[in-house]
Amino acid sequence: MHEKTTDAPKTTGRVLHSHARWYDLLERVISHGWVKATREKLIELAAPAPGEKVLDVGCGTGTLAIAIKRQAGAGEVHGIDASPEMIQVAKEKSAKDGSDIDFRVALIEAIPFPDASFDLVTSSLTLHHLPDDLKEKGFLEIRRVLKPGGRFMAMDFAALSHSPLGHLLSILGHSRGESMVGRLTPMLKDAGFSDVEGIPTRHKNFAFIRAR
Ligand SMILES: C[S@@+](CC[C@H](N)C(=O)[O-])C[C@H]1O[C@@H](n2cnc3c(N)ncnc32)[C@H](O)[C@@H]1O
């Protein structure tokens, strides 16, 4: 198990420092494979084309970015996360996989890329880790780094709960709280996205939101 390192950037988001090495296993066991299947569906819906430039925000251990790289082929794939421990695991996984991905410690509220850099920005199970003011800042940053016409595709709990117990209940299949799509749609529109669409998943506890 890794200790919290001192070079983690300051954020009000809920950053996962410990258990980075156990994250993938815990996720598989707790979600019975639903998260994996839902991430695969996210990639299908986001449809990264070969050669596109993609950023995964709150990439954690890099599972989504690595899967996208396989599909995006020659395209550049980047992943950022606030947790140095998660980024370390992501780097090790991509090295083992032989996939050339730029993983770096960085915050969604200060994305370290120039304007109009990406065709696609993705996020899986990250938005519920951010308080509302950080979601708003993050959406502005995502809009800024997307090229005109670029798309944002996120997956998260269908009902946003504000407590760790609420998140655990959602993972276990007992979603409670406010609709994620209902809550995030006006925030995304305020950030400059004009076309925002909620898409249900095959699992009632997760939902997709797509914005352009
Ligand atoms: C539940 S994990 C999801 C990880 C990964 N996307 C996945 O699907 O497995 C949420 C991630 O958000 C990260 N996070 C929290 N606040 C953040 C911020 N302000 N900027 C970037 N990442 C953040 C956490 O460190 C954590 O790795």
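The values are calculated or read from the model by the stated rules, or taken from the named source; none is laboratory data. Computed from a predicted model, the values in this text were never measured in an experiment. When we count neighbours, we look across all protein chains shown, and the Cβ atoms used for this are built from the backbone with ideal geometry, even at glycine.
For the reader, a short list of remarks on this structure follows.
- Qualifying residue in segment 69-79 (condition: within 12 Å of the ligand (Cβ to nearest atom), within 24 Å of Asp133 (Cα to Cα) and in contact (Cβ under 8 Å) with a residue 12 or more places away in the chain): yes
- The residues of segment 1-36 that are at pLDDT 90 or above and either touching a strand residue (DSSP E or B) at 6+ places or on another chain (Cβ under 9 Å) or acidic (Asp, Glu) (or both), listed by number, are Ala8, Pro9, Lys10, Thr11, Gly13, Val15, Leu16, Asp24.
- Failed condition for Lys93, given (1) modelled with pLDDT of 95 or more; (2) closer than 23 Å to Leu45 by Cα: (2)
- Verdict on Ala110 being in contact (Cβ under 8 Å) with a residue 24 or more places away in the chain, aliphatic (A, V, I, L, M) and more than 16 Å from the ligand (Cβ to nearest atom): no
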